[in-house]
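Enquirer: Got a structure here, written out as structure tokens. Questions coming.
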Amino acid sequence: MNADHMNEMIQKLYLVISKLSTPNECKMFFQDLCTNKEIEQMAQRIESALLLKQGLTYTQVIEQTNISSATLSRVSRALQYGEGYKKFI
């Protein structure tokens with residue numbers, strides 16, 4: 001598969017997600033799309049971002065969420081330099 005085709009598929013994913021309007025619709029969609037483990041990992045990232053925004057240390061966040069230090073580092077970088085967490089959390 002070439003990169004252009006993959007980009008088209010990703011854009012379709014974003015389009016479908018943008019049509020979700022309630023938490024229940026999101027739940028139904030993500031239960032079909034993702035494994036329980038993937039949903040748990042996304043929830044863990046959101047919770048970690050919230051805790052970092054509250055000023056907790058890496059150690060405190062890891063203790064509360066059981067997130068790996070590598071993933072927490074990625075979440076932290078996204079909070080500092082990205083746009084999504086800043087806008088929606």
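Enquirer: Could you tell me the convex hull volume per residue, in Å³, taken over the Cα atoms of the chain? Walk me through the intermediate numbers first.
Expert: On the way: hull volume 11.9 nm³, N = 89.
Dividing the Cα hull volume of the chain by its residue count gives 133 Å³.
Enquirer: While we're on this one: Taking all protein chains together and a probe of 1.4 Å, list Y81, Y14, Y58 from the most accessible to the least accessible.
Expert: Numbers: Y81 175, Y14 130, Y58 95 Å².
Of Y81, Y14, Y58, the descending order of accessible area is Y81, Y14, Y58.
Enquirer: Simple spin-label model, 7 Å along Cα-to-Cβ: C26 to L50 in nm?
Expert: Distance between the two pseudo-spin positions: 1.0 nm.
Enquirer: Count the lysine pairs in the chain whose Cα atoms sit under 16 Å apart, keeping only pairs 8 or more residues apart in sequence or on different chains. Show your work: numbers first, answer last.
Expert: Details: K19/K27; K27/K37; K53/K86; K53/K87.
The number of close lysine pairs in the chain is 4.
Enquirer: In addition: Roughly how much of S48 is accessible, in Å² to the nearest 10, using a 1.4 Å probe?
Expert: Rounded to the nearest 10, the figure is 0 Å².
Enquirer: Would you calculate, for the chain, the mean residue ellipticity at 222 nm contributed by helices, counting each DSSP H stretch of 4 or more residues as -39,500 (n - 2.57) and dividing by all residues, to the nearest 500?
Expert: Numbers: 6 runs with 71 residues, N = 89.
Mean residue ellipticity at 222 nm (helix-derived): -24500 deg cm²/dmol.
The values are calculated or read from the model by the stated rules, or taken from the named source; none is laboratory data. The shown structure was predicted, so the numbers you read here are calculated from the model rather than taken from an experiment. As a convention, Cβ positions derive from the backbone with ideal geometry for all residues, glycine included, and neighbour counts pool all protein chains shown. Accessible surface is based on the protein model in full, side chains and every heavy atom, while ligands, DNA and RNA are left aside. Shrake-Rupley method; radii C 1.70, N 1.55, O 1.52, S 1.80 Å.
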